[in-house]
Amino acid sequence: MRRSAVLGVLAVCLWLGAAVDAGAVVSEEEFEAMKKRLGIVEKELAEVKKQETAETATKAKKEGEQPLGFGSTGSGKLIYAKPFVSSPKATVGGYMDIQYTAAKNSSIDNGININGSRVGTSSSFDQQRFVPFFYSDVTDRLKVAAELEVEHGIRSKSNSGSGIEVSLEFATIDYLIHERLNFRAGIILLPVGKFNLLHDSPLNDLAARPLVSTMVIPSTLSEAGAGFYGTFYPSRLSKLDYELYVTQGFNGYQNDGTPVITAGASLRDARQRVSTTDDGLDNNNGKAVVGRVAFSPMLGIEVGGSGYYGNYSPLNHRPLSIFALDWTLQKGPFELIGEAAWAYATDNSKDLFGNPAPDPTFAGQLLPQRMGGFYVQANYHFMPEALKRWAPAHFKDSSTFTGVIRWDDVNTNRDVAGGPGDVQRLTLGLNFRPVEDAVFKLDYQFNFEDGKANRINNDALVLSVATYF
Amino acid sequence: MTARKPLAVFTCLLLSGCATLGGKATASSSCPFEQVWDTAIAALSGFHLSAADKAAGVLETQWVEVRASTQAGIIQREVNRERMKYVVEVKQEGTGAVATVLQRREEWSPLGVRSRQWRGIPSHDSEEEAVAAEMTRRLKEKGC
């Protein structure tokens, strides 16, 4: 390096000397001689640079630091030449899960209908979610994060009953202004309830999501939009988080005006993620407003309130409102979590022209306007010392078992009791985490569908594995 | 489903928020408030203060990033982050004063939805006690 610097200086001096001499009277012979000398110095400089580059490469090779680039070979190596992987400012990872369900009386709906009769199955594997994600610190203040969800990814082509589900769960650009005020834009996980914000399979202690968080708050619920979020620390122990966004809004109808908010499907088919509008564009000029405030008076306790308001109709003003409360209470190995939500789809019981709209999923009833539900879940974390002594390679300090009990209660048409969306479920579960980010789950579900009075014997055993990677 | 059931659970949880934390690290001294206040500032000299409200008797340091105690994912990558700050409350007690040290600790992971925000985690009691002990030592050096 030093040699090339010296030669460089020499070359500059020669050039300057030539320039100064040029100001004086220089003979043609002298000028040609100088040009020749300069050419020699340039050649030597190029040689030295070439030598230094070769030395650097050899040094890196010796230290085992194989330089990566398009010239790299080897099947497993090329991927690491990508700047988003090799850059320390970016993290690529993901999570996946797989579950096996064994239910009574063929109650798992696999979409098969023969001669108009539903043919279900009583057991099935389901690789439900494979979700790669990307996180990048573009600058100290600019962050990009995204999750790309592939649901039931074993399928390679769409069919009439269920299409291939590949979509961005969230993809956001954050600009950090201050701890109390930050800007976020992109495809945003909507802050309605807490579960939607923490829906990743490895984070949850039971295999199935809470019913209220799939039907009344149809997680994963995300919409394109922009807004602000931040954190306040009002006192020594307390913390207050908020999020407030303006987003695209639900689309309650297919492109031909067929309603999609039903007691059977709840709000799931009205999400922007599955909207039938071109490119997921808005179905009207109204935008939705969504926000959540979570207050933690001290570590281990958090209560949150959230709301959503937006027009879901392409023709008239039909607001959809969702309100949710969520709570988390942790004390030692005990945990009590839950969420309650209420939704009101104004005038959904009428078609777009004001006529009564029958519910295709619930004969004899109109489409639902009011939905509601809640879940309460208690967790107990433990790790028997005897297991750690018996098999320390598998049961470490970071390993835990969790016993879980959850009660779900939801009704997707609160004007009618006992419809297809009036469901209760009791789940007992036990899971093992070898490390915090990986979990083996064993659940047993007692399902009370069509209301408590008409229990269908469709209890289910669910085995599941989920991990971040 | 009526709204009463979830609201009842929610109310119980709100009320449980009135509970207090016990076992906080303290430095009691017969020194007057002024001296304990100055000693508390000196004991936190390794940190940048983000707030020093003498009237309220509250000192607060800025967040300091520390080595994360957790690893990310099944392959245990070292990409998680952890940060902590101290909040010290100095109160007059009789003719002397008492300084209470609280550490706030938060963690963050780039994995999935957890990248959205920092989350509170339990503080390290031993570190709180070390700061309180340093204050006590300095106050004793001053003869009180």
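In the range A:385-402, which residues are touching a residue at least 40 places away in the same chain (Cβ under 8 Å) and either within 17 Å of A:T328 (Cβ to Cβ) or within 12 Å of chain B (Cβ to nearest Cβ) (or both)?
We begin by selecting, within the range A:385-402, every residue touching a residue at least 40 places away in the same chain (Cβ under 8 Å); these are A:394, A:402.
Residue satisfying the conditions is A:T402 alone.
Which numbered condition in (1) in a strand (DSSP E or B); (2) surrounded by 14 or more Cβ atoms within 10 Å (Cβ to Cβ) is the only one that B:A51 fails?
In the conditions (1) in a strand (DSSP E or B); (2) surrounded by 14 or more Cβ atoms within 10 Å (Cβ to Cβ), B:A51 misses (2) alone.
Could you check how many residues of the range A:225-252 are in contact (Cβ under 8 Å) with a residue 24 or more places away in the chain and more than 22 Å from A:I188 (Cα to Cα)?
Keep residues of the range A:225-252 that are in contact (Cβ under 8 Å) with a residue 24 or more places away in the chain, which gives A:225-232, A:237-252.
If we keep only those that are more than 22 Å from A:I188 (Cα to Cα) too, we end up with A:237-239.
Matching residues across the range A:225-252 total 3.
Would you check which residues across the range A:255-287 are touching a strand residue (DSSP E or B) at 6+ places or on another chain (Cβ under 9 Å) and of a type in the set (A, V, I, L, M, F, W, C) and list them?
The answer is A:V260, A:I261, A:A263, A:L267, A:A270, A:V274.
Please indicate, with yes or no, whether at least one residue in the range A:188-201 is in a strand (DSSP E or B) and either under 23 Å from A:T231 (Cβ atoms) or within 12 Å of chain B (Cβ to nearest Cβ) (or both). Lay out the reasoning, then the answer.
The first filter runs over the range A:188-201 and keeps only residues in a strand (DSSP E or B), leaving A:188-189.
Imposing the further condition that a residue be either under 23 Å from A:T231 (Cβ atoms) or within 12 Å of chain B (Cβ to nearest Cβ) (or both) reduces the set to A:188-189.
Checked against the condition, which is being in a strand (DSSP E or B) and either under 23 Å from A:T231 (Cβ atoms) or within 12 Å of chain B (Cβ to nearest Cβ) (or both), the range A:188-201 yields at least one hit.
Can you go through A:F323, A:F382, A:F362 and tell me which one is surrounded by 13 or more Cβ atoms within 10 Å (Cβ to Cβ), more than 14 Å from chain B (Cβ to nearest Cβ) and either over 18 Å from A:V212 (Cβ atoms) or within 26 Å of the chain's Cα centre (by Cα) (or both)?
Working: A:F323 fails: more than 14 Å from chain B (Cβ to nearest Cβ); A:F382 fails: surrounded by 13 or more Cβ atoms within 10 Å (Cβ to Cβ).
Answer to the check: A:F362.
Would you mention how many residues in the range A:403-420 are part of a strand (DSSP E or B) and either more than 11 Å from chain B (Cβ to nearest Cβ) or touching a Pro at 6+ places or on another chain (Cβ under 8 Å) (or both)? Full working, then the answer.
The initial filter retains those residues of the range A:403-420 that are part of a strand (DSSP E or B), namely A:403-411.
Next cut, either more than 11 Å from chain B (Cβ to nearest Cβ) or touching a Pro at 6+ places or on another chain (Cβ under 8 Å) (or both) only: A:403-406, A:408.
Adding up the residues that qualify gives 5.
Among the candidates A:V462, A:V423, A:V439, which residue alone is surrounded by 20 or more Cβ atoms within 10 Å (Cβ to Cβ) and either away from chain B (no Cβ under 13 Å) or small (G, A, S) (or both)?
A:V462
Of (1) under 18 Å from B:W118 (Cβ atoms); (2) in contact with a Lys or Arg (Cβ under 8 Å, 6 or more places away or on another chain), B:S69 satisfies all except one. Which?
Status for B:S69: all satisfied but (2).
Does any residue in the range B:38-51 that is under 22 Å from A:Y233 (Cα atoms) come within less than 9 Å, Cβ to Cβ, of a residue that is at pLDDT 95 or above and basic (K, R) six or more places away or on a different chain, and which pairs are these?
Close Cβ pairs (under 9 Å, with a partner that is at pLDDT 95 or above and basic (K, R)) amount to B:F47/B:K85; B:S50/B:K85.
Which condition number does A:H317 fail, the rest of (1) under 29 Å from A:R425 (Cβ atoms); (2) of a type outside the set (S, T, N, Q); (3) part of a loop (DSSP other than H, G, I, E, B) being met?
(1)
Here's the yes/no breakdown for (1) buried (at least 20 other Cβ atoms within 10 Å of the Cβ); (2) of a type in the set (F, W, Y); (3) touching an Asp or Glu at 6+ places or on another chain (Cβ under 8 Å); (4) not in a loop (DSSP other than H, G, I, E, B):
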| position | (1), (2), (3), (4) |
| --- | --- |
| A:G227 | no, no, yes, yes |
| A:E243 | yes, no, no, yes |
| A:D279 | no, no, no, yes |
| A:G286 | no, no, no, no |
| A:V303 | yes, no, yes, yes |
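Please name all residue pairs, on different chains or six or more residues apart, with Cβ atoms under 7 Å, provided the first residue is in the range B:123-144 and is closer than 23 Å to B:A68 by Cα and the second residue is in a helix (DSSP H, G or I) and hydrophobic (A, V, I, L, M, F, W, C).
Cβ pairs passing all conditions: B:V131/B:A43.
Residues in the range A:335-347: is at least one more than 28 Å from the chain's Cα centre (by Cα), of a type in the set (D, E, K, R) and at pLDDT 95 or above?
Narrowing the range A:335-347 to residues more than 28 Å from the chain's Cα centre (by Cα): A:346-347.
Filter again for of a type in the set (D, E, K, R), leaving A:347.
Then drop every residue that is not at pLDDT 95 or above, which leaves A:347.
The answer is yes; a qualifying residue exists.
Return yes when B:E78 is in contact with a Ser or Thr (Cβ under 6 Å, 6 or more places away or on another chain) and among the charged types (D, E, K, R) and no when it is not.
Working: in contact with a Ser or Thr (Cβ under 6 Å, 6 or more places away or on another chain): no; among the charged types (D, E, K, R): yes.
Criteria not met by B:E78.
Quickly run through the range B:112-144 and pick out the residues that are outside any helix (DSSP H, G or I) and either within 13 Å of another protein chain (Cβ to nearest Cβ) or among the polar types (S, T, N, Q) (or both).
Passing the criteria: B:Q117, B:W118, B:R119, B:G120, B:I121, B:P122, B:S123, B:H124.
Just to be sure before I move on: is B:Q92 assigned to a strand (DSSP E or B), more than 10 Å from every other protein chain (Cβ to nearest Cβ), in contact with a helix residue (DSSP H, G or I) (Cβ under 8 Å, 6 or more places away or on another chain) and surrounded by fewer than 17 Cβ atoms within 10 Å (Cβ to Cβ) in the structure I sent?
Details: assigned to a strand (DSSP E or B): yes; more than 10 Å from every other protein chain (Cβ to nearest Cβ): yes; in contact with a helix residue (DSSP H, G or I) (Cβ under 8 Å, 6 or more places away or on another chain): yes; surrounded by fewer than 17 Cβ atoms within 10 Å (Cβ to Cβ): yes.
For B:Q92, the condition - assigned to a strand (DSSP E or B), more than 10 Å from every other protein chain (Cβ to nearest Cβ), in contact with a helix residue (DSSP H, G or I) (Cβ under 8 Å, 6 or more places away or on another chain) and surrounded by fewer than 17 Cβ atoms within 10 Å (Cβ to Cβ) - is met.
The values are calculated or read from the model by the stated rules, or taken from the named source; none is laboratory data. None of these values were measured; they are calculated from a predicted model. Because the Cβ atoms are built from the backbone with ideal geometry, glycine has one as well, and the counts that use them run over all protein chains shown.
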